[in-house]
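Working notes, structure below.
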Amino acid sequence: MRAFPVTITVALAAALVATGCSSAPEESAAGSTVRLLAHESFVVSEALVEQLEEETGITLEIISGADAGTMVAGAVLAAGNPTADAMFGVDSTLLSRALDAGVFEPYTSPELDTVIPSLREDTGGGMVTPIDYGDVCINIDDAALAAAGVPAPTTLDDLIDPTYRDMLVVQDPATSSPGLAFLLATIARYGDGWTDYWSALRDNGVSVAASWTDAYIGQFSGGGDGTRPLVVSYATSPPAEIVYAAEPKPEAPSTSAMADGCYRQVEYAGVLAGTPNPEGARVVVDWLLSQAVQADVPLSMFVFPAREGIALPEVFADFALDVPEPLALPAGEVAAGLPDWLAEWGSVMGR
Amino acid sequence: MTLPAWLRWSWVLPAAFLAVFLAYPLATLVRTIASSAGGFAADLVDTSLWQVAGLAVLQALASTLLALLIGLPLANVATRYRYRGRALVQALVTVPFVLPTVVVALAVRSLLGPGMPQGLALVVIAHAYVNLAVVTRIVGSQWAQQTGELELVARTLGASRWRAFVDVTLPGLRPSIITSAAVVFVFSFSSLGIVLLLGDATTRTLESQVLRQVSVLLDFPGAAASAIVQLVVVSLVLLLGAVASRGQSSRRRRPVPLHPLPTLPGPRLAVLGTAAFGSAIVLLPIIALVLASLRGPAGWTLDWWASLGSVDAGTTRLAPPSAALATSLGYAAVTALVAALVGGAAALAILVPGRARVIAVIGMVPLGVSAATLGLGTLLAFGRPPFDLRGTGLLVPVAHALVAVPLVIAVVTPALRGTDPRLAALAATLGARASRAFWTAHGPVLRVAMVASAALAGAVSLGEFGAAAFLARTDSPTVPVQIVRLLGRPGDQSVGVAAALAVVLVVVTLLLVLLIDRWGSTRTSRRSAVAA
Amino acid sequence: MTPRLSVVDLSLGYEGQVFMRGIDLEVGSGEIVAVLGPSGSGKSTLLGEITGVLPVPHGHVLVDGRDVTTAPIQERGVGLLFQEPLLFPHLDVAANIAYGLRRHGWDRRRATARAHELLNWLGLDGYGPRRPDQLSGGQAQRVALARALAPQPAVLGLDEPFSALDADLRRRLAVEVAAVLRESGVAAIHVTHDAEEAQAIADRVIELPSLGSPA
């Protein structure tokens, strides 16, 4: 009887060792498994994965890293001895932290030439490859504003006008990715004067939600049962309103995105430093930038493809706002300033 | 009674489980942080850390008080009286505990939001709502063992109904009240989703602090300091709870039948009214969910339910939303198995004199470990060679089992304690060896308790979100992860399908909990001893 | 003289079902009346209706001439002694006995002093600070008796209080209790299925079925 628990322990240890040994490195990509670490919003059509596996002989295993921030945190801690071979979804606000920690090993995809030139400017010195981009913009419930006889706002400055008192809901930048992007947009626009802008927003009755869901579904009049007609969301939220509408689909969305004050986020992929399968990882990065996957990106993740000349789906072409002059901050500046900005934002907003 | 010798070794399984899947990942994380950032001692003396901790303590105390205030009367009517629908009331109360926090937060917000701004009050109400089950289950299991005769004695000695409750009932329930209060405190103190969704600046927890430090600031030393303070506070509370709940064990071991409803109109109304009130509290948000799943922009519709089977309505472009149910049930089944084995062994170990307190406290510690911390630690420890367990699909059930084991221990232990040790003595005098005698005495109860724990762990697994978001594969989300993702995109369909999926989750959970109660109950509904 | 307990035209019922009617019974000061009947015959229901645990479907219960038919349990002046001692496990012996006195407005010091007097009277000197689980079965039952008699109830119901004890102790204790009850002046109503025990301590023995008529 005494042997019972000992047996279990030995069996457990044996199981651990066995699974450990099974993931030995392979020399060439074909026949190997590539583990792609991606944030929870990563979506790709099954057919594309099958096609990749057929054409290259690799097996793709997609691993969730929770939200992008937590995923990058995990990658930073595991830098040099990674938990996957490639990573997708590190965005421009997180990039410099990942680069500083040595998360990636250099790789320049042969497909990089196909990327929109402005996105090609920052690849972390040949470390990462831009895959998609999206803009965080103020979304407007046009129907609600029209019913109230109020013209739609057109600039960030309009939002502090008493006309829009108690109408805007934003997200807490400390807990929400679009919330952080909107904070960065105001810093990019107003420089050191950003705290005054936020004081004015506060005095104009802005509501701060913890998450996108809480803001858009809970408080925005265009997205659910809420009462506020202005919300921080994405430039692609209006077409998503159509795609995920009830049948019969409406002709046009009842919401629109405001062109001014949008903050651009670029999402990158890269080969993780120390991977036992760099060849396979490179194949997957190239695949993410391939014509087929890039064409799939809009309806899978509601972002724009980084590759030039990709035909957008009709609903995108019609209703997704192509932001003319997005705001952005250099990644290094964001990493350096963020802790202080969040603290200052907290004291301005009394949170 | 003479305990069989092998029983002394039953602690090895739970100890090994916790060492491998809790201590090792945490140690890996701490080692990594210490080596990459040069330590975090300085962060431990940061005043803002202690400010957050202090506010979290106050919030958790308020949440615990409210949960007890509503939970105690519910425990009374859900476990002691015989009336139609009692089993359903008992099962319903468990539902909030397994609903994803996002769903709870949206429901509480939509019911109370207009009159109550985001902040401490909403957070406390939501915590009390979620933790009702903890109070009713733990206190109820002890209350159900009380016959009411002691109260009757106090009444004949001149005590009013209320006085008898305070003088006799409460002291008798003290161990379970303290245990459940400690658990509710720990859950509220380390709460994440509800605090993020319904709280404001003053209602932070260390857990939300950890998430912010990890995922926004990448401030690992600060996060480690917060996580450690949280773990220390939680361990202290559990230890205090274990010490304070040490009570004289009840002399009465025979199963107590359910009481008939009081015949006097006042008390009768009080029992039925409390049952109705409790069910209403639990049901209101669920009814709101059902309505949301049946309502479209153009009125009533079944589209959302139909969409459960459509790939286009899903979030993966691989499988329909309903596929998440299969994923969740799969994880739940493995979790149930692991938790029943580990929890059952831990409960057996608790029977050994002298070890009980230590094992009960250690078994509860997973409750206090930050999900983000454990997620990162697990990733570092088991997400890469030499121990890469991700491909095995074991990590999610293991993480769920870590959450469920403390609850399983809480359920199994009282059941084992409740068996009559004289049975084993009797079996021994009839010539049974110690092992045989032990099984004769404890076997049937243990079997019932383990089946019940398996179902309970399964229910916990079905509703768990934090670990699943971290460890589940992106292409095969669990039901709560699927619901959260659906609620993370625009469109009527997203909300409607999420509501339908949440209703499915509620129904599956209810069925599981009804099964727990059926199997877990050894009580009959004979007439009460007083009236027979 | 007014009987301490009068039961007038009482019906016995359980959960709305009346199964016996027309019960009349009087018990005087210091008198012990045994009500004899097999289990399930309604003995406990009779006690329940006298003590107020169960509602009275029909008829009246009078204690010292006062109609207590609908009075709450604590205001009837009726004590109870069960098959098991049912001492409060979280209180020591003295506090158990003092409990009823405290509920009747005595201050702590006087109540504790009185508890010790009662312990002496029952031959349990020095047992005051003990915890209930440190007592033998017979001692515990004697403490329970002291606790029940302490607030000087007019009526004491005894629900087979000796049946959990072994035969020898049972006989000795029954005689002892009978003496105490007579001395205290309480009206005792003792329900049991044991005819021998009933004969040993009661002044009158009544077969329950003969008390009223079946419904």
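The values are calculated or read from the model by the stated rules, or taken from the named source; none is laboratory data. From a predicted model like this one, the values you see are computed outputs, not experimental measurements. Ideal geometry is used to build each Cβ from the backbone, glycine not excepted, and the neighbour counts take in all protein chains shown.
For residue A:260, all conditions in the list (1) facing chain B (nearest Cβ under 9 Å); (2) outside any strand (DSSP E or B) hold save one; what is the number of the exception?
(1)
Do we have any residue at all in the stretch A:162-172 that's away from chain B (no Cβ under 14 Å), surrounded by 23 or more Cβ atoms within 10 Å (Cβ to Cβ) and either touching a Cys at 6+ places or on another chain (Cβ under 6 Å) or in a strand (DSSP E or B) (or both)? Walk me through how you get there before you give the answer.
At the first step, the residues of the stretch A:162-172 found to be away from chain B (no Cβ under 14 Å) are A:162-165, A:167-168.
Imposing the further condition that a residue be surrounded by 23 or more Cβ atoms within 10 Å (Cβ to Cβ) reduces the set to A:167-168.
When the remaining residues are screened for being either touching a Cys at 6+ places or on another chain (Cβ under 6 Å) or in a strand (DSSP E or B) (or both), the result is A:168.
Taking every residue of the stretch A:162-172 in turn, at least one turns out to be away from chain B (no Cβ under 14 Å), surrounded by 23 or more Cβ atoms within 10 Å (Cβ to Cβ) and either touching a Cys at 6+ places or on another chain (Cβ under 6 Å) or in a strand (DSSP E or B) (or both).
Go through the residues of the stretch B:65-82 one by one and say whether even a single one is in contact with a strand residue (DSSP E or B) (Cβ under 9 Å, 6 or more places away or on another chain), in contact (Cβ under 8 Å) with a residue 60 or more places away in the chain, on the phi < 0 side of the Ramachandran plot and within 14 Å of another protein chain (Cβ to nearest Cβ). Don't jump to the end; show me each part of the working.
First pass over the stretch B:65-82, keeping only residues in contact with a strand residue (DSSP E or B) (Cβ under 9 Å, 6 or more places away or on another chain): B:80-82.
Next, from what is left, pick out any that are in contact (Cβ under 8 Å) with a residue 60 or more places away in the chain: B:80-82.
If we keep only those that are on the phi < 0 side of the Ramachandran plot as well, we get B:80-82.
Now drop any that are not within 14 Å of another protein chain (Cβ to nearest Cβ), which leaves B:81-82.
Taking every residue of the stretch B:65-82 in turn, at least one turns out to be in contact with a strand residue (DSSP E or B) (Cβ under 9 Å, 6 or more places away or on another chain), in contact (Cβ under 8 Å) with a residue 60 or more places away in the chain, on the phi < 0 side of the Ramachandran plot and within 14 Å of another protein chain (Cβ to nearest Cβ).
Conditions (1) under 28 Å from the mean Cα position of the chain (by Cα); (2) over 23 Å from residue A:225 (Cβ atoms), marked per residue:
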{"residue": "A:145", "(1), (2)": "no, no"}
{"residue": "A:154", "(1), (2)": "yes, yes"}
{"residue": "A:160", "(1), (2)": "yes, yes"}
{"residue": "A:167", "(1), (2)": "yes, no"}
{"residue": "A:172", "(1), (2)": "yes, no"}
{"residue": "A:179", "(1), (2)": "yes, no"}
{"residue": "A:197", "(1), (2)": "yes, yes"}
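Would a scan of the stretch A:76-95 turn up a residue that is closer than 30 Å to residue A:254 by Cβ, buried (at least 19 other Cβ atoms within 10 Å of the Cβ) and in contact with a strand residue (DSSP E or B) (Cβ under 6 Å, 6 or more places away or on another chain)?
Within the stretch A:76-95, one or more residues are closer than 30 Å to residue A:254 by Cβ, buried (at least 19 other Cβ atoms within 10 Å of the Cβ) and in contact with a strand residue (DSSP E or B) (Cβ under 6 Å, 6 or more places away or on another chain).
I'd like to check something: does the stretch A:102-120 contain any residue that is assigned to a loop (DSSP other than H, G, I, E, B) and within 14 Å of chain B (Cβ to nearest Cβ)?
Within the stretch A:102-120, one or more residues are assigned to a loop (DSSP other than H, G, I, E, B) and within 14 Å of chain B (Cβ to nearest Cβ).
Out of the strands (runs of 3 or more DSSP E) lying entirely within the stretch C:10-82, which hold 2 or more residues that are free of Cβ contacts under 8 Å to residues at least 60 places away in the same chain and surrounded by fewer than 22 Cβ atoms within 10 Å (Cβ to Cβ)? Steps first, please.
On the way: elements: C:17-27, C:32-36, C:60-63, C:78-81.
It comes to C:17-27, C:60-63.
Among the residues of the stretch A:295-315, what is the count of those that are over 18 Å from the mean Cα position of the chain (by Cα) and assigned to a helix (DSSP H, G or I)?
2
Is there a residue in the stretch B:272-293 that is aliphatic (A, V, I, L, M), surrounded by fewer than 14 Cβ atoms within 10 Å (Cβ to Cβ), modelled with pLDDT of 80 or more and within 17 Å of residue B:78 (Cβ to Cβ)?
yes
What are the residue pairs meeting all of these: first residue in the stretch A:210-225, first residue over 15 Å from residue A:176 (Cα atoms) and more than 8 Å from chain B (Cβ to nearest Cβ), second residue of a type in the set (Ser, Thr, Tyr) and buried (at least 24 other Cβ atoms within 10 Å of the Cβ), Cβ atoms under 6 Å, and 6 or more apart or on different chains?
Filtered contacts from the stretch A:210-225: A:222/A:255.
Go through the stretch A:154-178 and report how many residues are acidic (Asp, Glu) and closer than 14 Å to residue B:197 by Cα.
Number of matching residues: 1.
Looking only at the stretch C:76-100, which residues are more than 8 Å from every other protein chain (Cβ to nearest Cβ) and under 20 Å from residue C:126 (Cβ atoms)?
C:85, C:87, C:91, C:92, C:93, C:94, C:95, C:96, C:97, C:98
Here is a check on your reading of the model: is residue C:157 in a helix (DSSP H, G or I), of a type in the set (Gly, Ala, Ser) and facing chain B (nearest Cβ under 10 Å)?
It is false that residue C:157 is in a helix (DSSP H, G or I), of a type in the set (Gly, Ala, Ser) and facing chain B (nearest Cβ under 10 Å).
I'd like the full set of residues that are within 16 Å of residue C:47 (Cβ to Cβ) and outside any helix (DSSP H, G or I), limited to the stretch C:165-193.
Applying the first criterion (within 16 Å of residue C:47 (Cβ to Cβ)) to the stretch C:165-193 yields C:181, C:186-193.
Correct list: C:186, C:187, C:188, C:189, C:190, C:191, C:192, C:193.
Give the stretch B:386-404 a look and list any residue that's part of a helix (DSSP H, G or I), within 13 Å of chain A (Cβ to nearest Cβ) and either buried (at least 18 other Cβ atoms within 10 Å of the Cβ) or modelled with pLDDT of 85 or more (or both), or say none.
B:390, B:395, B:396, B:398, B:399
Just a yes or no: is a residue in the stretch A:30-43 at pLDDT below 80, closer than 23 Å to residue A:282 by Cβ, under 31 Å from the mean Cα position of the chain (by Cα) and more than 8 Å from chain B (Cβ to nearest Cβ)?
No: the stretch A:30-43 contains no residue that is at pLDDT below 80, closer than 23 Å to residue A:282 by Cβ, under 31 Å from the mean Cα position of the chain (by Cα) and more than 8 Å from chain B (Cβ to nearest Cβ).
So, of the residues in the stretch A:197-246 that are acidic (Asp, Glu) and surrounded by fewer than 20 Cβ atoms within 10 Å (Cβ to Cβ), which turns out to be farthest from residue A:139 (Cα to Cα)?
A:203
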